[in-house]
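J.: Quick one: this structure, given as structure tokens, is what I'll be asking you about.
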Amino acid sequence: MTRFLIRRVAYSIPVLLGVALITLWLFHVAGGDPVAVKLGKNPDPAEVEALRQQLGLHDGFFWQYLSFLKQLVTLDFGVSWADNTPVREIFLRGVGPTLTVSLPAFTLGSLVAIALSLLVAMKRGTLVDRVTTAGAIAGISVSSLIYILVGQWLLADQWKLFPIWGYEYGPGAAYFVALPVLIWIVLSVGTDVRYFRTVTLEEIGKDYVRTARAKGLSETRILFVHVLRNSAIPIITRLTIAIPFLFTGSFLLEIFFGIPGLGSTLYTAITNSDLPVVKAFTMLGAVLYVFFNIVADLLYALVDPRIGLE
Amino acid sequence: MRILPLLLLLGCNPDPYPGEQGDILHISLRQLPKSMDPPQIEDEGSGKVSANVYDGLLQYHPFARPYQLEPALAEAMPEMAEDGVTYTFRIKRGVRFHDDPCFPDGRGRELTAHDFVWAYKRLAHPTVNSRGWWLFDGRIEGLDAWRDGLRDELKGQNVDPAALPGMDREVGGLKALDDHTLQIRLTGPYPQFLWTLAMGYASVYPHEAIEHYGAEYRNHPVGTGPFRITEYNPVYRAVFERNPTYREDHVPDPENVPSERWTGWEQDVADGLLVNAGEAVPLLDGMEMRFILEDQPRWLYFKNGYTDFLNPPKDNIAEAIPGGELSDEMKSRGIRIQRWTELGTVYACMNTEDPLLSNVDVRRAIALAYDHAWTIENLYGDQAILAKSLIPPGIAGFDGDYHPFQAEDGHADVERAKEYLAKAGYPDGIDPKTGQRLHLTFENSGSGLTQRQFADRFTDEMRRIGIDVDSVTNTFPQLTDKMRKKKFQITSLAWGFDYPDAQNILQLLYGPNKAPGVGSASFDNPEFDALYEEAAKLPDGPVRTALYEEMAHIVADQVPWVTRVHRIRPNLQQPWLQGYKYTEVSDQYWRYVGVDDAERDRLVAEWNQPTRWPLVLFGVVCMGVIAISVRRS
């Protein structure tokens, strides 16, 4: 396993270097002028030049890339070009609110999706299956923005069941994140149910299920003990790969509901050409993605002994 | 099913200010503030958050229109010496900075004239990267030399901006004659100088705060204003409390104190704006500003009573003020409206150094092809007026009668536009050299629906005169970059005045300011420049107004810009809000505003009764499904 881990980590390094290269290149091509963001609408030309020098914008691309790699290794991405806040502080400020929404939404959403997919797989071809599948397809077909707009308007404005917008740090957060969590669940369940249903149905058609039925096992036991375990690999893959996105959050939900998290911060940084923040968040996403891919591989071996790590 | 108890537990209470006490003003901002450090306060968000934390020498009168300045931390308006360039300010005594840990005993010390000298020098300091340097650039005797000298000395050094080397060196034009007398000597006449002293950049703050907080000062402002900040999250909200050591100040009382009257005060009294006349300010116990970037939640917040006033977003104007009148729903709730035409102009900016657009007749053809009236009706929802001059109405220099390349009714004049295109050498929009239709690239700022609608409309208008248009989407920094490098043809921009003087917008067309400076059109007209330089020396008066008019006529003739509209800002106010006369020029008026908190509590509770039947229905359905499942199994 150690050799496996070393090999996977070694494979990840070129991926991360590539992500860093593409991020920097994209910023050069389409990033705009960060000096305009820092110095405002009436900049002094001498100050523009001095600031360009200070930000390293006159350095060649290769040197800027090396400097980026140094930041990556030291985990010090400097300060935001928009407001001089240290990037580390921006991240720490946003990660709590983001996870307050994304973690419960992801956990509850996944549980609901797995339960529903098992139910419809069990009731395949019945009204329950058809209604759930049709509902899932209809759900997927509607833009997430519509869910957010309608959810906020109906549940918060018209029915007054939730706050329209806002956030509190600490336990009070539950009060404010209930509606965004609910909308996230509704948004994610449709896609997940479709996927998990397909995976489960594939297993249900296999010989071992027929054998289990012939032995007289209950449908519940067959589903939750045998089918679910054998469907675990694709389910684990899907869920594990989704985990990095819990950190970047849903910027739409965060912006519409006033969650001061990482998603809305990244969105603002991109529109402000705030390269230090964009670089840090992109690399964070890449590192998490690589890390959870490795975790998924380890989990495969855990749930299916036939899979070796060599 | 496990979601049900969560819903029942958390639902049914929409109040976004749980546990709040006292008379608190609730405000929503549509932009995130970037900094509360005065040299960096340029954007709308930063300005609004900081405006009541700081004070400067002068401020705008909260009710007088046209705008007039009045003393803030100055005891009176300044004395000007006979040389016309030396101003002497007497500073109010007994004014204290906010109590703050930056002071040795945590108690704010007394403000002195030396604080202004220090703050103005910091605005100019080369390591501060001030956004407001243009205020004093070339204006104060010795300040440029001081700044340039420091820059040369510090070149190549990595200096901590909080260290501020060189601040002890004197600047001839900035002197504290004693603790309460400040003298500023200008390099020459600068008629707009006093206006600039009412801007956020010219606020005063203690050197102890910069020494204590360093770069973090942007989040820990310390001023002399009526409120101080108790909680600040730059991506969520700012919470303020009343400054208990605020200087003596009160709401003007024109009915009882004749010396406090202004033109039109009777109307303000009749409009109920002076219900708190004579009372000490601030009237509020505190303020809470929430940074709500999206239109829908900002609008719903106001509708439900969670903010005390709002300029309704474009897409909600039809709901709030259909046909220009307050809706019945708004009226039934006691909501009031004030209308204000912005002190600014929306315009299309053309790069006059572009090979095609350097031809003045092409620019004239484009101007004539614009259908402003259609845009006002359909894209602004009638909440804009036609900009017949780049100078807005109400500002000296406005002349609504001279607009040779704009139809009187604001509609397009396609036939004339085609004539000018032919005169330019492109009959029917065909370039005789290539035999192809002319091609323009329109640089759009932002990718939102509104921006796309404007770009689509422009494409259609140009197609009618035979010009093809490509629309390119940019972030604002991308667009700024292109304008600075003159790598654009045409874009849509808006200018909001920093102070109510036409010079503030005319400077954008002054030749020496052309790109990479602020003059993105790169307009270079010697006649215009000569008039600008002449006007720059003159105080407000008929002679200067005539020069402004002449400059505006040149712009209308030469069309580096197509002036489009001045937007109308309808301001909706909740019934419990008191004494609020809306303006966009200054944000300091919140200190003169009050709220009837009991009335707000009553109405907000009345408006926000939860509808419980959906929860009951949801519960019944869930129970039914469970019951059926249990029976079947």
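Each value in this text was obtained by applying a stated rule to the coordinates, not by laboratory testing. Fair warning: this is a prediction, and the values are worked out from it, not measured in the lab. A quick note on method: Cβ atoms are made from the backbone with ideal geometry, for glycine too, and the neighbour counts reach across all protein chains shown.
J.: Roughly how crowded by other chains is peptide B:472-485, in terms of the mean Cβ count from those chains within 10 Å of each of its Cβ atoms?
T.: Across B:472-485, the average partner-chain Cβ count within 10 Å equals 5.
J.: Averaged over A:74-83, how many beta carbons belonging to a partner chain fall within 10 Å of each residue's beta carbon?
T.: What the average comes to for A:74-83 is 2.
J.: Quick check on chain A: helices-only [θ] at 222 nm, where DSSP H runs of length 4 and up contribute -39,500 (n - 2.57) each and the sum goes over total residues. Nearest 500, please.
T.: One gets -24000 deg cm²/dmol as the mean residue ellipticity at 222 nm.
J.: Can you list the lysines whose alpha carbon sits under 16 Å from that of A:Lys215, skipping same-chain ones fewer than 8 residues off?
T.: Here the lysines satisfying the reach criterion relative to A:Lys215 are A:Lys206.
J.: Holding the Cα-Cα limit at 26 Å, pick out from A:Lys160/B:Lys331; A:Lys38/B:Lys388; B:Lys34/B:Lys92; B:Lys423/B:Lys482; A:Lys160/B:Lys314 the pairs that are longer than that.
T.: As for pairs spanning more than 26 Å Cα to Cα, those are A:Lys38/B:Lys388; B:Lys34/B:Lys92; B:Lys423/B:Lys482.
J.: Also, quick follow-up: Using DSSP to call loops (not H, G, I, E or B), can you name the GluC sites (Glu not before Pro) in segment B:90-191 whose Cβ has at most 11 other Cβ atoms within 10 angstrom?
T.: Answer by residue number: B:Glu170.
J.: Per residue of A:174-181, count partner chain C-beta atoms within 10 Å of its C-beta, then hand back the mean as an integer.
T.: 3
J.: Please list, in order along segment B:100-106, the HN-Hα scalar couplings obtained from phi with the Karplus expression 6.51 cos²θ - 1.76 cosθ + 1.60 (θ = phi - 60°), rounded to whole Hz, x for Gly and Pro.
T.: Residue by residue, segment B:100-106 yields 7, x, 6, 8, x, 9, x Hz.
J.: So how much slack lies between B:Val159 and B:Glu110, counting 0.36 nm per residue of separation and subtracting their Cα-Cα distance, in nm?
T.: Between B:Val159 and B:Glu110, full extension yields an extra 14.6 nm.
J.: Considering only DSSP states other than H, G, I, E and B, which GluC sites (Glu not before Pro) in segment B:351-416 qualify as loop sites with at most 15 other Cβ atoms within 10 Å?
T.: Answer in residue order: B:Glu353, B:Glu408.
J.: List the trypsin sites (Lys or Arg not before Pro) within segment B:113-185 that DSSP assigns to loop and that have no more than 16 neighbouring Cβ atoms inside 10 Å.
T.: Listed in order of number, the matching sites are B:Lys155, B:Arg169.
J.: Using R₀ = 25 Å, calculate the FRET efficiency as 1/(1 + (r/R₀)^6) where r is the Cβ-Cβ separation of A:Ile140 and A:Leu288; round to 0.05.
T.: Approximately 0.50, to the nearest 0.05.
J.: Could you pull out every one of the lysines with an alpha carbon less than 16 Å from that of B:Lys487, ignoring same-chain neighbours closer than 8 positions?
T.: Excluding near neighbours in sequence, the set is B:Lys514.
J.: Count charges around B:Ile391 for me, please; just the other residues with Cβ under 12 Å from its Cβ, Lys/Arg as +1, Asp/Glu as -1.
T.: -3
J.: A further question on this structure: Between B:Asp271 and B:Ala598, what is the FRET efficiency for a Förster distance of 22 Å, r being their Cβ-Cβ separation, to the nearest 0.05?
T.: 0.45
J.: Okay, next question. Around B:Asn444, with a cut-off of 13 angstrom between Cβ atoms, what is the net charge of the other residues, counting Lys and Arg +1 and Asp and Glu -1?
T.: Summing Lys and Arg as +1 and Asp and Glu as -1 gives 0.
J.: Given the -39500 (n - 2.57) contribution per DSSP H run of 4+ residues, what per-residue ellipticity at 222 nm results for chain B, rounded to the nearest 500 deg cm²/dmol?
T.: -8500 deg cm²/dmol
J.: Work through the residues other than B:Thr196 whose Cβ is under 9 Å from its Cβ and net out their charges, Lys, Arg +1 and Asp, Glu -1.
T.: 0
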